[in-house]
Structure formats: C-alpha cells, structure tokens
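Trainee: The structure is given below, and queries will be raised subsequently.
The values are calculated or read from the model by the stated rules, or taken from the named source; none is laboratory data. In this text the structure is predicted, and so the values were computed from the model without any measurement. Cβ placement follows ideal geometry from the backbone for every residue including glycine, while neighbour counts extend to all protein chains displayed. For accessibility, only protein heavy atoms count, side chains too; no ligands or nucleic acids. Shrake-Rupley method; radii C 1.70, N 1.55, O 1.52, S 1.80 Å.
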Amino acid sequence: MLYLLSGERFENKVKLGSPTPFRKSDNPGFILGPVINGIVCLYQSGTNVVLWNPTNGEFKVLPESPTELEPSVRYEIELERLHGFGYDSVSDDYKVIRHVQYELNLSDYENDDSDFEGDALSDYESDAVSLPTSMSRDDVWEIYSLRSNSWRKLDLDMPCGMRTSVGVYVYLNGACHWWDDDDDDDNDAYLVSFDLSKEVVCITPMPSTKIVNFDSGLEMRHLTVLNDHIALISYFELSATFHISILGEVGVKESWTKLFILTLPGIHHPIGEGRNGDLFFRRDDNKLVWFNLRTQMMEELGIKGQMHCCQVVIYKESHLSLGGLNG
C-alpha cells in the first residue's frame, strides 16, 4: 500500500493506487532510492521494475536484460539485485544500476538422477563434493538508460550492497551510494559511490561506533540523506540508541562527523527521512512515527508497517512525461 502524507504534521493521508504491473502480483513492492523530479522507481523481487509518475499516471516497465543464460550451462539461474536509481544531469537521463549474479540451481540437481546418485547432494552441501566450475560464470554490472530504454554492461567491478531493501541504497548529487560489510571484519563497513555520468566508483570507509556495553545489542546501520549529505544511522536495538553521522567528502573517512546520539525507547528501526530534520521510524508495536531532530518531538503517523517492508521518501509532484524522455 502506498500513502501520500502531507501537512505540517503529516495529518493528511491519501492512499495511492499503484501502476498496473504491480496490481497483478502479491509480492511486496519497494521504492528504490529517492523520488527524482516526481519519478518513482518501484520494484518487486528485483525483476519487475517500473518507473512511475504518480501525478500523471505514466509508467515505464524496464525491459529484460540482454544478458542471457548460457544454453550449454545446465541449471544456471540469474539473480538480479538493484543497487540504485538516479538522474544523470550531463546526459539529462534517468538511470538504474544493478548487479547480476549467476548461480547453480541445486533444486534442479536434486530432481535429476543423471547428475547425482544416493547422498551426493548432501555430500556437496557439506563441501565433500565440488560441482563443476563450468556451471557458473563471472558476475556482471549493468546500467539502464531511460533515453535509450536499454541495459548495457558496465566494464568495472565493485562491491555489492547488503542483501536488504531498506536503508542500504541512496542517491545524491549524480551518484548512487550503498554500503556493505567487510567479509573479514564484522565491524568494518564501507560506502560505495557510483557516479552515473563518469561511471567511476569511489570507496569510503564508514565510521565504527565502539560500544563497550554488550547489553546494547548488535550494531545495525541505515544509510540515508540528511540536509543534502550522506548520513549514517547506527542503531542498537536493545538499548534503543541511535548514532547519527554525516559525510563531508566522499572518499575521505575522516570527514564523517557525528551529529547526534539519541535514545528513543520503543523505537525499532529507521525507515526514511523528510525535510527540515524529520526522521521516520517503525516502533516496536509496528506503528510508524516521525521525529524532528530540531525539536526532539515525536508523533504517530496513524499507519502501521511490517519490519523491513515500510519506507518513507520525500515526494514532490511533477508532470514530467516519461514518454518524452524515452527515445
């Protein structure tokens, strides 16, 4: 369900419809990145991707990738993960970036007696048996252009984002940003920034919040944009403590500046940001609330949302025609 919230205290709520392709599926839908010039990028499971202007009702279903599965490679499946939606001011174009990973579909092996006998599959799962390396190939990055209405392969390699839909991917000033953990160090995370025009990548180490009290719980992270800055919210569920930092310069770890340390009892996790220092959270009782950093006041929105399935983004009406940009 999509709601448009407006008013000084977000007291006005209008339930929006969704573009036709999303009405045919029961899968949850998510918003990728911010709303840019009135255009919303909606997706389901990473494959059903739509650019949509709620003001005039226009929508554009993104085409399938030209990268096809190899007919000679049995049981190969394609896993697509969207990493960003943004605007390229140099080419006046809207773009989407994604990572395509190829893996072996073990469920097909399990049903095929020609490849395994007896307990061979369980042996594989315990690393006793190695499947042929020819069953997989290198991952690829692809970028979509609304003007050309097509995908093309990017000739570069960069880290993927975390496997979740909220609080990982943001857009700011012509670049898509996401974060990931270092596989070798659970406390070492970094920001990946991809310039949509120059098609170059920059890595920025993220600040580490050192908590001595283990009763605070695990550190979780939420990436967002506050006052035109990349912002990181590190939060600890058990102690309901939130550390908010902003990045001064991409690529410079020392430019992270901590702005606030908040203790918000009953708050579970952040779900988005607004204007004028507004942050939105999901409470332990699933109610959605907004919190103003300046006044330190919190109010309910009158809406409930499930864990990791609710988002808040800034929306401004626009009559921009998607058809006019395409081709």
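Trainee: Just the number please: accessible area per residue for region 232-327, 1.4 Å probe, all protein chains included, in Å². Provide the component values of the computation, followed by the final result.
Mentor: Values: 4870 Å² over 96 residues.
About 51 Å² of surface per residue is accessible.
Trainee: For Leu288, Leu218, what's the largest-to-smallest order of accessible area, 1.4 Å probe? Don't skip to the end; give the middle numbers.
Mentor: Numbers: Leu288 15, Leu218 145 Å².
So the residues, ranked largest to smallest area, are Leu218, Leu288.
Trainee: Let me ask something else about it. What's the local net charge at Leu288, with K and R +1, D and E -1, over the other residues with C-beta under 14 Å away?
Mentor: Residues near Leu288 contribute -1 overall.
Trainee: Further question: Compute the length gained on full extension between Leu4 and Thr20: take 0.36 nm times their separation in residues and subtract their Cα-Cα distance, giving the result in nm to one decimal.
Mentor: Value of the extension gain: 3.9 nm.
Trainee: Starting with the highest mean, order 188-199, 294-305 by the number of other Cβ atoms within 10 Å, averaged over the residues of each peptide.
Mentor: Put in order of decreasing packing, that is 188-199, 294-305.
Trainee: Moving on to the next point. At 0.36 nm per residue, minus the direct Cα-Cα distance, what do Glu11 and Ser89 gain on full extension? Give it in nm, one decimal, please.
Mentor: Extra length from Glu11 to Ser89 when fully extended: 24.6 nm.
Trainee: If you don't mind, another one. Relative to the present Cα-Cα distance, how much length would full extension add between Cys309 and Asp181 at 0.36 nm per residue of separation?
Mentor: That pair, Cys309 and Asp181, stretches by 43.9 nm at full extension.
Trainee: Kindly rank 14-23, 273-282 from highest to lowest mean number of other beta carbons found within 10 Å of each residue.
Mentor: 273-282, 14-23
Trainee: Quick one: which of Lys95/Lys258; Lys24/Lys198; Lys95/Lys287; Lys13/Lys287; Lys24/Lys60 span more than 26 angstrom between C-alpha atoms?
Mentor: Where the Cα-Cα span goes over 26 Å, the pairs concerned are Lys95/Lys258; Lys24/Lys198; Lys95/Lys287.
Trainee: Moving to a separate point now. First select every other residue whose beta carbon is under 14 angstrom from the beta carbon of Gly248; then total the charges, Lys and Arg +1, Asp and Glu -1.
Mentor: -1
Trainee: Could you compute the net charge surrounding Met298? Neighbours are other residues with a C-beta less than 14 Å from the C-beta of Met298; K and R count +1, D and E count -1.
Mentor: My count for the surroundings of Met298 gives 0.
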